[in-house]
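Okay, so here's the structure we're looking at.
The values are calculated or read from the model by the stated rules, or taken from the named source; none is laboratory data. Since this is a predicted model, take the numbers as computed values, not measurements. Virtual Cβ from ideal backbone geometry, glycine too; neighbours counted across all protein chains shown.
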Amino acid sequence: MNSGANISGSIRRRLTLQLLGIAAVLAALLFVMVMTYAKQVAEESQDNILSASATSILDSAAIQSGEVTVDIPYSALSMLGNVSDDRVFYRVVVNGKYLTGYESLPIAKASKGQDSHRFITSHYLGESIRMVSATRRLSNASGPVEVTVSVAQTLKRQRETLERISANAAYLGFGFFIAAAVLGVLTAQSAVRPVQTLANSVSKRGPQDLRAVQAPVPGEMAPLVVALNRFMARLKKSLTRSEEFIAEAAHRIRTPLAVLRTQAEIALRRVERPENRAALKEMIRAIDESSRAAGQLLDHAMVSFRTDHLEVKDINLLDLAEETLERLRPLAEMQDKTLSLHGDEPPPISGDAILIQNALSNILDNAIKYAPKGEDVQVIVTHEDDWVVLSVYDQGPGFAPEDIDQLTERFSRGKNAEDTVGSGLGLTIAEEVTQAHGGHLKLSNRTNVRGACVSFYFPQS
Amino acid sequence: MRILLFPSVLIMLLASLLSVGAYEIEQHKVFPAPQEGANLRIISNSDIDIFSPMVEAFQRKYPSVSIDYTVVSSTELMTALYDEKQVFDVAISSAMDLQVKLANDGFTLPHNSPVAGLMPDWARWRNHVFAFTQEPASVVYSKSAFAGLEVPTSRQNLISTLRNHPERFLNKVGTYDIRQSGLGFLFATQDARTSDTFWRLNEVMGSLNARLYCCSADMISDITKGNLAIAYNVLGSYASARAASDPDIGILELEDFTTLMLRSAIIPAGAEQPEIAGTFIDHLITASWSEEGADYYPYPKLNRNEIAPNLSLRAIRLGPGLLVYQDNLKRQHFLQEWQNAIIQQ
């Protein structure tokens, strides 16, 4: 199907790859976003509980007999144990002086804002920790005192949570990518489907079908279809013009040829020297060939024209064959050949009688021409299944088997016909006519006896 | 007046040799290996008599491991590991708060036990602290001393009984000296956390000139000798062993609440045989938590449900909450308050 096309890339492949790329980027983005969000949530929830813990320790700070004392509530540390089994550290500092807890915990820098809780991520005893520091002022007899409570927790739980979410997010991203990839492939396919539909409908057409494409196409394809339709219209016009030209030419040649032939025959009667007679006979033969060719060209032009505008009516193929044979009988008798017709009354077919007659007479003309003198040309009408078959049998040399497929092409002549007058248009005309009627032409050689067989298959109406 | 009874059964085997540090050794025993092999050093506050079946069972499975078993009090255990950084491969203690503090402050090694699935989550903290017993803090009394009296069933009852019969109980009430005993301190803080009756009971005991002890074994001994009529917060597991041979010993689990302690094992950071130590801990876990149990397991059978069918049983939770009473300020305040209550001039 692609033979002869200069192919560079594929819209579908490019579209699929682009959609896959987009899906991969989005899946990666999804993963990163989920992870960022999860990290934020995990940090926030840890920060919240650290804050609560620090606040409850800070609330327990009081001044007893001039000294700041802190009575750490059991819940302040056990609440941290409720959500995870991370290690817990704390420190209480009063006016910058260590009071209790883990003295060497890192110090949170005072933040610029008014936030009473300051968070830092740091290291302590070989592990990463998250630490909150909260400060409160108490007033003593000697002035205000500042109590700072820091509570820290290792990040094991947070790390585990993130690892679990990261695994899930990876599955999610992968699933998203697969779903998007499947949809992408389907989308790419559906995007190129109108192109395929158009290609199919154009390539399915018969050789004569140059009608404009009528089926609806997407807007993007309209320029292509318009161009295609214009191209076909031009092609059709130019074909018609050349057919007309040929017909015109043939017509114009035929009349002078007839005059020329008459003159040549008159001359033949007058001359007596054998070499002159031979030359004149050769001349007449050439004239015959030319006028036959002109006739067939005319016939073909007529057939080409009429196949576009069939005048259909019911036809009895036997009667039609009888009529045609009647007209050709004098020609056959002149060459000492008999034409015979056999067959039962066939079912009617619907068709253009003039065309079918024309096709048949071209075939009979061939048959008469190739049949040896004194032999018969038989026409037999039968029907097979839904077909009405009209077969012409001769006793000529038959078709060369290697030719059979090409013989119906225009101006093609068989190898066995080199010494006989002919243009090679007869079989072409016959085939075009049967095809115009929805039938086909079958060429074969007769079995057992010498001769060829040409069968017209017409669908019965 | 204060009466302090120091351990009477000090078996100071090799004590002079071993006590290079300041911590005080109570008992020491070497379980030689039937075959040549590695040596596992265990520091523990579990008496050799009770614990040795576990060690022997381990050696039956691993005959090439000789075990060096040192018994110290829970506070001395803390001193040895926390302050002096002595080298031991396994530390076993009933003072849960000290075990958690050791683990929290980075004095332990992690152990990813292949049998951790046997234990409920609440029976371990991180992969550092592994509990293998559940032992109630009980009241142990002399049945003869209570002749004619109703045996109290709750702290309220106990308070009124003591208050109403000072002649019978004066100088005859015993409890832990929580300044010395880590387990006593743990029980006291958990009691204080649970109910205010703890302080009233302490005041009553103080008014009766309560005698203070370092360990459960000594309190039980004094009950059998008739020196004590009643001892509060004694390890029920030790008492049951003695009750079997002395019919005069009665054990009570108070109905208002009874604290359950989880004895636990850790691998100290300086362990020289951490892998064998891990195997030993796995052995403890299997003996205690597996469905089929083990005939050599010397402690009360474990209850796998955190909420015991008997609601009055309160298991102490392993976790950072236990660090609270280890806070210097908090500890000092608590000890001060306790002394004010129990030591009355």
- Item | Search result, residues across region A:77-90 that are in contact (Cβ under 8 Å) with a residue 40 or more places away in the chain and more than 7 Å from chain B (Cβ to nearest Cβ) | A:Val83, A:Ser84, A:Asp86, A:Phe89, A:Tyr90
- Note on the structure: When region B:193-216 is checked residue by residue, the ones that are surrounded by fewer than 21 Cβ atoms within 10 Å (Cβ to Cβ), more than 14 Å from chain A (Cβ to nearest Cβ) and touching a residue at least 60 places away in the same chain (Cβ under 8 Å) are B:Trp199, B:Glu203, B:Gly206, B:Ser207, B:Asn209
- Query: On the given criteria, is B:Ala231 modelled with pLDDT of 95 or more and either crowded, with 22+ Cβ neighbours inside 10 Å or not in a helix (DSSP H, G or I) (or both)?
  - Reply: yes
- Item | Sole residue being within 30 Å of A:Tyr102 (Cβ to Cβ) and not hydroxyl-bearing (Ser, Thr, Tyr), chosen from A:Ala222, A:Ala215, A:Ala134 | A:Ala134
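So which of A:Glu160, A:Glu146, A:Glu127, A:Glu103 ends up being at negative phi, at pLDDT below 95 and at the interface with chain B (Cβ under 10 Å from one of its Cβ atoms)?
A:Glu127
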- Task: For region B:265-301, name all the residues that are of a type in the set (A, V, I, L, M) and not in a loop (DSSP other than H, G, I, E, B).
- Result: B:Ala265, B:Ile266, B:Ile267, B:Ile276, B:Ala277, B:Ile281, B:Leu284, B:Ile285, B:Ala287
- Query: Restricted to region A:436-461, and to residues that are among the polar types (S, T, N, Q) and either closer than 13 Å to A:Ser350 by Cα or in a strand (DSSP E or B) (or both), which residue is farthest from the chain's Cα centre (by Cα)?
  - Reply: A:Asn445
- Which of (1) surrounded by 17 or more Cβ atoms within 10 Å (Cβ to Cβ); (2) in a loop (DSSP other than H, G, I, E, B) is the odd one out, the single condition B:Pro247 does not satisfy? (1)
- Message: free of Cβ contacts under 8 Å to residues at least 60 places away in the same chain, in a helix (DSSP H, G or I) and farther than 30 Å from A:Met302 by Cα: which single residue out of A:Ala179, A:Ala191 fits that description?
- Response: A:Ala179
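Results for (1) in a strand (DSSP E or B); (2) outside the structural domain of A:Met302 (by TED's automatic domain parsing); (3) of a type outside the set (D, E, K, R), shown as yes or no for each residue.
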| position | (1), (2), (3) |
| --- | --- |
| A:Asp336 | no, yes, no |
| A:Leu339 | yes, yes, yes |
| A:Ala359 | no, yes, yes |
| A:Asn362 | no, yes, yes |
| A:Asp365 | no, yes, no |
| A:Val377 | yes, yes, yes |
| A:Thr382 | yes, yes, yes |
| A:Phe399 | no, yes, yes |
| A:Glu402 | no, yes, no |
- Just give me the residues in region B:145-192 being charged (D, E, K, R) and crowded, with 17+ Cβ neighbours inside 10 Å, in sequence order. B:Arg155, B:Arg168, B:Lys172, B:Asp177, B:Asp191
- Task: Those residues that are of a type in the set (Gly, Ala, Ser) and modelled with pLDDT of 75 or more, I need them from region A:373-425; list them, please.
- Result: A:Ser391, A:Gly396, A:Gly398, A:Ala400
- Those residues of region A:341-357 which are surrounded by 22 or more Cβ atoms within 10 Å (Cβ to Cβ) and in a helix (DSSP H, G or I), in sequence order: A:Leu355, A:Ile356
- Being within 11 Å of chain A (Cβ to nearest Cβ) and touching a Lys or Arg at 6+ places or on another chain (Cβ under 7 Å) is the filter here, so list the residues in region B:319-345 that pass it. B:Leu323, B:Val324, B:Tyr325, B:Gln326
- Message: List the residue pairs whose Cβ atoms are under 8 Å apart, where the first residue sits in region B:141-157 and is touching a residue at least 60 places away in the same chain (Cβ under 8 Å), the second is part of a loop (DSSP other than H, G, I, E, B) and of a type in the set (Lys, Arg), and the two are 6 or more positions apart or on different chains.
- Response: B:Ala145/B:Lys172
- Item | In region A:30-63, the residues that are hydroxyl-bearing (Ser, Thr, Tyr) and more than 60 Å from the chain's Cα centre (by Cα) | A:Ser51, A:Ser53, A:Thr55, A:Ser56, A:Ser60
- Task: Go through (1) away from chain A (no Cβ under 14 Å); (2) in contact (Cβ under 8 Å) with a residue 60 or more places away in the chain and name the single condition B:Ala188 misses.
- Result: (1)
